[in-house]
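K.L.:
My structure is below; once you've seen it, I'll send some questions.
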Amino acid sequence: MTDYQEEQRNEIEALQSIYPDEIEILQTEPFHVFTVKVVPQDADNFPDHAMSAAIQFTYTADYPDSMPLMEYADSDNMDDKQLDSLMDFMKSQAEENLGMAMIFTIISAVQERLTDMMEQAAKDEEEAAERRKQEHEEAERKRFEGTRVTVETFMAWKKKFDAEISEKRRLQGISDTISKKPTGKELFLNDTSMNDSDVKFLQDEGDTLEVDESLFENMGDLELDDEDDDDDDDDDPDYKPGDDDDEE
């Protein structure tokens with residue numbers, strides 16, 4: 001008959017010697033309950049993604065023929081998805097090692113698993129950064145290249161362009177019509193009916209025009225030649241002032 005408690009005590013003693021700083025015994029009766037903080041050996045190589053997990057183990061009455069109870073007491077730099085994945089991994093390791101002391105095997109496997117998870121997290125971050133860089137570069141290229149032309153986009157653009165040109169021409173025609181409207185002066189100068197206005201006036205008067213002769217009766221009294229006489233005297237080289245007085 002298997003002495004499960006004896007096997008469990010022996011394993012606890014071995015674990016305390018292997019992990020003196022990492023193991024903490026929480027309870028001994030009726031079964032041992034203890035935590036082991038698992039830290040991957042190369043965690044320093046991943047300062048931004050260093051992971052660790054404090055795992056609480058509880059022996060069952062027939063351990064190691066059954067799996068120990070396992071849960072997290074604490075964890076660092078791990079999200080829920082990573083924790084669930086690691087727990088499934090530990091359970092699979094326990095099932096593979098039923099019938100023998102398995103805590104050391106589980107812890108060693110968890111250390112390696114954490115290393116893989118850290119490497120993957122660092123790789124994911126690097127790929128995400130590269131993807132963001134490429135997306136930024138692609139966006140910059142598109143910004144300078146503009147929109148690629150297809151038959152559909154060209155026809156849509158041409159329809160819009162033709163409509164805009166047609167509207168501009170319509171507005172330009174209205175503007176030209178308004179600007180070409182003649183001014184009052186232009187209407188007067190271009191009115192050919194004014195050319196024969198005087199003739200038409202005479203024709204309306206019966207080809208005769210009456211003139212008031214009284215307006216010209218006193219024309220003889222006007223001294224029209226005085227200025228001419230003065231000019232003649234000035235032109236005579238023998239003329240001397242006072243000659244007119246002597247003649248009188």
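The values are calculated or read from the model by the stated rules, or taken from the named source; none is laboratory data. Keep in mind the model is a prediction, meaning the values are calculated, not measured. A quick note on method: Cβ atoms are made from the backbone with ideal geometry, for glycine too, and the neighbour counts reach across all protein chains shown. These area figures cover heavy atoms from the full protein model, side chains too; ligands, DNA and RNA do not enter into them. Shrake-Rupley method; radii C 1.70, N 1.55, O 1.52, S 1.80 Å.
K.L.:
Hey, if we sort Asp116, Asp48 by accessible area with the 1.4 Å probe, largest down, what's the order?
P.N.:
Per-residue accessible area, sorted high to low, gives Asp48, Asp116.
K.L.:
So, one more: If the viscosity is 1.306 mPa s and the temperature 10 °C, what translational diffusion coefficient in µm²/s does Stokes-Einstein give for region 1-159 when Rh comes from Kirkwood over Cα pairs?
P.N.:
Values: Rh = 19.1 Å.
Stokes-Einstein gives a translational diffusion coefficient of 83 µm²/s.
K.L.:
For region 4-17, what does the Karplus curve 6.51 cos²θ - 1.76 cosθ + 1.60, with θ = phi - 60°, yield as ³J(HN,Hα) per residue in whole Hz, taken in order and with x for Gly and Pro?
P.N.:
Karplus values, whole Hz, x for Gly and Pro: 5, 5, 5, 4, 5, 5, 4, 5, 4, 4, 5, 5, 5, 6.
K.L.:
With the full set of protein chains in place, find how many percent of the accessible area of region 35-132 is carbon and sulfur; take the probe as 1.4 Å.
P.N.:
Values: 2330 of 5300 Å².
For region 35-132, the apolar C and S fraction of the accessible surface comes to 44 percent.
K.L.:
Moving to a separate point now. Quick one: what do you get for region 44-99 if you divide its Cα Rg by 2.2 N^0.38 Å? Kindly include the intermediate steps, with their values, before the conclusion.
P.N.:
Values: Rg = 13.4 Å, N = 56, 2.2 N^0.38 = 10.2 Å.
After normalising by residue count via 2.2 N^0.38 Å, the value is 1.32.
K.L.:
Then there is this: Under 26 Å between C-alpha atoms is the cut-off here; go through region 17-173 and count lysine pairs that meet it, provided they're at least eight residues apart or on different chains.
P.N.:
13
K.L.:
What does the charge add up to near Tyr63, with Lys and Arg as +1, Asp and Glu as -1, over the other residues with Cβ less than 10 Å from its Cβ?
P.N.:
In short, -4.
K.L.:
Is there a quick way to get the dipole size of region 1-44? I mean about its Cα centre, with the Cβ of Lys and Arg at +1 and of Asp and Glu at -1; what is the value in debye to the nearest 20?
P.N.:
100 debye
K.L.:
Leaving ligands, DNA and RNA out of it, rank Phe104, Phe144 by accessible area with a 1.4 Å probe, largest first. Display every interim value, and only then the final one.
P.N.:
Values: Phe104 100, Phe144 155 Å².
Highest to lowest solvent-accessible surface, that is Phe144, Phe104.
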